[in-house]
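Student: My questions will all concern the structure given below.
The values are calculated or read from the model by the stated rules, or taken from the named source; none is laboratory data. It should be emphasised that the depicted structure is a prediction, and the values quoted were computed from it without experimental measurement. Note that we place each Cβ from the backbone using ideal geometry, even for glycine, and neighbour counts take in every protein chain shown. Ligands, DNA and RNA are excluded from the accessible area calculation, which covers all protein heavy atoms including side chains. Shrake-Rupley method; radii C 1.70, N 1.55, O 1.52, S 1.80 Å.
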Amino acid sequence: MPSKKRRRKEERPKIHPKNKYSDNPPDFALLASLYPTFKPFVFYTREGRPRIDWTDFNATRELTRVLLLHDHNLHWWIPHGQLCPTVPNRSNYIHWIEDLLSSHIIPRDNTNGGNVRGFDIGTGANCIYPLLGASLFGWSFVASDMTDVAIEWAERNVKNNPNISELIEIRKVKCSQNTLSPEGLSGESSYSEEREGLPSSSLDISASEDKSYYGPAILVDVVRDGETFDFCMCNPPFFESFEEAGLNPKTSCGGTYEEMVCPGGEKAFITRIIEDSVVLKQSFRWYTSMVGRKVNLKFLVSKLREVGVTVVKTTEFVQGKTFRWGLTWSFVPPAKKIVTPHVTEKNILSFMLEGIQRQFGAIHVLQSVESFFLAGGASCKLNASSFVVDITASADHCNALLNNDVKYIDEVASCSNVQEAPSNLCFRILVFQQIPGTLLVKGSLQHRDSALSGLFSSIIQQLEASLRQKFCKEKTGTNYI
């Protein structure tokens with residue numbers, strides 16, 4: 001029997017399935033044969049495997065250049081010392097944004113004429129996200145930065161790709177009096193990015209817990225009056241000091257002080273994005289940021305709960321040995337769920353209950369699940385030892401449970417016309433204890449071919465809302481999806 005440690009390792013998430021490099025990682029030998037400027041950086045192991053020296057900035061920069069040219073037809077370059085992005089890693093973030101936009105969790109408006117418009121916070125000289133987003137999906141961008149070098153080279157990279165240049169605006173951020181200016185720091189310093197370039201958790205970060213961000217504007221005073229965006233994205237400065245940034249010199253991807261460092265590190269920087277989002281609210285459908293330390297996610301999600309967002313979502317980005325996390329939130333009310341028989345529904349749905357009041361445990365939630373379905377007339381069988389409730393519901397029961405809260409149109413299945421089908425909706429609800437104050441509730445559809453299976457998702461949503469209202473401390477209606 002495999003150990004828990006081994007099973008956990010096997011279950012680690014993989015690169016985004018839509019990523020070009022998901023099934024076909026960069027072939028160094030092929031690239032070396034096609035691009036003479038890349039060939040000097042490729043060497044071969046004893047087993048004949050092509051490799052590059054990840055500690056050589058020139059090698060990583062040239063790899064990024066040829067990947068963007070070979071796979072995306074993008075012409076690109078940055079001066080020495082500027083942050084050099086890894087293309088597969090950055091592509092993960094772009095594809096996650098695409099998932100968010102296509103999920104229809106947040107309704108779209110026609111403010112931008114139906115075109116997707118993004119905002120890249122701190123685009124850097126590399127301007128990688130706007131270049132990828134515009135070339136892959138035709139998205140338009142406003143890309144901001146504060147340094148003259150970043151603005152100059154971002155504009156060059158945009159102009160060198162005339163097929164998408166009209167889609168990207170480079171916007172200079174005015175520096176405030178509080179903007180930090182590093183003294184005596186060389187632009188040639190570097191830090192690790194291709195592998196896990198962040199310091200280990202053994203570092204003493206307690207001294208920074210009370211630090212707040214101060215520096216140039218991020219969104220407020222950069223976004224103009226009346227502007228609206230579908231999303232913003234950000235690769236924040238992960239570190240609190242330049243010394244901290246160089247603690248893992250296993251690779252060299254460059255990076256200036258402004259790109260890597262801010263007081264309080266990424267936690268303070270992303271907190272400021274959250275604070276700006278409270279001011280801008282629905283100017284953005286989705287606010288997003290990359291997170292370098294998983295330990296910061298809990299703090300940031302808690303902060304989002306405090307400010308009353310409507311949706312919070314997290315993900316994990318994986319590329320090789322590099323792990324990053326994505327955080328997104330919105331102030332736009334989620335769209336009503338419209339159920340159609342032509343859409344394939346998931347047969348397993350789950351949600352997290354966080355911030356559960358101390359006097360309640362898994363058994364209380366389980367009993368409340370049973371009561372919820374009994375109130376709608378459904379048949380329930382509770383197994384307290386396994387923390388399971390088996391539910392059987394007819395069309396009438398589904399109609400009662402949904403309480404007419406799901407709206408339908410002519411082409412959409414409603415409880416009235418589903419009622420003609422003889423089959424019932426059968427599903428199971430399980431309650432799992434995660435950590436104190438946090439439970440996972442999972443619903444699994446037992447008979448996917450039931451005529452009522454299209455209502456499963458909406459019923460689970462109703463159950464989630466009921467349990468949150470009863471057991472969770474937060475009263476903001478936050479959805480964990």
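Student: How long is segment 273-320 along each principal axis, judged by its Cα atoms, biggest number first, in Å?
Tutor: The principal-axis extents, from largest down, are 37, 19, 16 Å.
Student: Could you order S289, S140, S371 so the one with the most accessible surface comes first? Probe is 1.4 Å.
Tutor: S371, S140, S289
Student: In what order, largest first, do E166, E306, E266, E370 sit by accessible area if the probe radius is 1.4 Å?
Tutor: Output order, biggest surface exposure first: E166, E306, E370, E266.
Student: Please get the size of the charge dipole for segment 21-106, origin at its Cα centre, with Cβ charges of +1 on Lys and Arg and -1 on Asp and Glu, quoted in debye to the nearest 20.
Tutor: Magnitude of the dipole: close to 280 debye.
Student: Something else about it: Pairs K267/K303; K381/K470; K172/K303; K281/K470: which are spaced more than 18 Å apart, C-alpha to C-alpha?
Tutor: Pairs exceeding the cut-off: K381/K470; K172/K303; K281/K470.
Student: What's the ranking of 32-42, 348-358 by average number of surrounding C-beta atoms within 10 Å, highest first?
Tutor: Taking the mean over residues of other Cβ atoms within 10 Å, the ranking is 348-358, 32-42.
Student: Continuing with the same structure: Would you mind counting up the charge near D109? Only other residues with Cβ under 12 Å from its Cβ, with Lys and Arg at +1 and Asp and Glu at -1.
Tutor: Once positives and negatives cancel, what remains is +2.
Student: Here's another thing I want to ask about it. Report Rg(Cα)/(2.2 N^0.38 Å) for segment 51-99, keeping two decimals.
Tutor: So the Cα radius of gyration is 1.21 times the expected 2.2 N^0.38 Å.
Student: Right, another one. Scale the Cα Rg of segment 12-121 by the rule-of-thumb value 2.2 N^0.38 Å and send over the ratio, two decimals.
Tutor: For segment 12-121, the normalised Cα radius of gyration comes out at 1.32.
Student: Accessible surface of L67 in the full protein assembly, 1.4 angstrom probe, to the nearest 10 Å²?
Tutor: 10 Å²
Student: I've got another one for you. When the solvent-accessible surface of protein heavy atoms is calculated with a 1.4 angstrom probe, in what order do D99, D109 fall, highest first?
Tutor: Reading off the accessible areas and sorting them downward yields D109, D99.
Student: A follow-up question, please. Provide the solvent-accessible area of Y44, counting protein heavy atoms only and rolling a 1.4 Å probe, rounded to the nearest 10 Å².
Tutor: Surface accessible to solvent at Y44 totals approximately 120 Å².
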